[in-house]
1. Over all directions, average the projected area of the Cα convex hull of region 69-151 and note it in nm².
2. Peptides 170-178, 120-128: what's the order by average Cβ count within 10 Å, highest mean first?
3. Between Arg40 and Ala168, what FRET efficiency follows from the Cβ-Cβ distance if R0 is 25 Å, with the result rounded to 0.05?
4. Provide the per-residue ³J(HN,Hα) series for region 134-147, in order, calculated from phi with Karplus coefficients 6.51, -1.76, 1.60 and θ = phi - 60°, each as a whole number of Hz, with x at glycine and proline positions.
5. Need one number: nm distance between label points at Arg237 and Cys100, each 7 Å from Cα along Cα→Cβ, rounded to one decimal.
6. Work through the residues other than Leu235 whose Cβ is under 9 Å from its Cβ and net out their charges, Lys, Arg +1 and Asp, Glu -1.
7. Can you tally the net charge around Leu39? Count Lys and Arg as +1, Asp and Glu as -1, for every other residue whose Cβ sits under 14 Å from the Cβ of Leu39.
8. Report the net charge of residues surrounding Arg136, where surrounding means a beta-carbon distance below 12 angstrom and charges are Lys +1, Arg +1, Asp -1, Glu -1.
Amino acid sequence: MLAIQDPILTSGATPPPAVLDPSPQRLRSLARAAQHDILRRLTPPLRHDMVVHLQSLGMMAEALSARMERGSVASDDLQGSVSKLNRLSRQAVARCLEVCTWMEPAEDDTTTLREGAGEVVRLLSTSLNFRGFDLRTEFGDGEFDVSRSAVRFLLAAAVLTLADAAPAPGEIVVRTEQSSTNGVVAVEYQPQPEGAFTQLHESGEPPLSWVEVQALAVQHDVELLRNGQAIILRLPRAVVTTPLKMVPV
């Protein structure tokens, strides 16, 4: 028994009922709706991830252009600046392509549980902080491969769901652990101590539909448990079943 399972599994509470209509077509429709809503909620941080590299590239290009207009760029400095521009442009392209995998998963859609959870926490930390929440992590040791799409969307859904339902500011703690067959992520809301005066700010967005999130979990073969202010995800090990396509050199 994994220690991080205790808050829910030992509480004696009954998990919410599964999706009522189990037909494959209905499940696909609900899962697509959940994915669309999660992407909509993540648009601001994803957009920032792309823009920050492009802004650095633009500022360096403007600075180099100004120096060239003044005729104060030596050939060695020019070569160094062009190299930096080239490096920044590659980073910007790589980041934009990475963001695109949220819409269309990459061919090898796997990541370690730690890296996948860390990506989601990094994306959501700033926006949740503005709302009055501290997003804290406690990552377990070891490497466990999971579906990157599954951990991205379902962990983001869990964090947003708890933040939307929280009655007051506080911490949202993300813990990871693994067994021989599953990677486990526990997400728990903890209210601020008495005497803290941070104001809770609403997101301005409608909350995610839990039935739709359940359907998305079913599509990814992820076990999803919720009890009040805690949510647990059990993700199966990702296994590559088809050979990767070779990219022409």
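Since every read-out is calculated from the coordinates, none of them should be taken as a lab result. Everything quoted here is computed from the prediction, not taken from an experiment. Every residue, glycine as well, gets a Cβ built from its backbone with ideal geometry; the counts of neighbours run over all protein chains shown.
1. Values: hull surface 39.2 nm².
Averaging across all directions leaves 9.8 nm² for the Cα convex hull.
2. Working: 170-178: 20.7, 120-128: 18.6.
Sorting 170-178, 120-128 by mean packing, highest first, produces 170-178, 120-128.
3. On the way: r = 25 Å, r/R0 = 1.02.
Working from the Cβ atoms, E equals 0.45.
4. 9, 9, 10, 10, 9, 8, x, 7, x, 10, 9, 7, 9, 5
5. 3.3
6. Details: positive: Arg234, Arg237; negative: Asp221, Glu223.
Here the charged neighbours net out to 0.
7. Numbers: positive: Arg32, Arg40, Arg41, Arg47, Arg152; negative: Asp37, Asp49, Glu104, Glu205, Glu212.
Local charge sum for Leu39: 0.
8. Numbers: positive: Arg175; negative: Asp134, Glu138, Glu171, Glu188.
After counting each charged neighbour, the total is -3.
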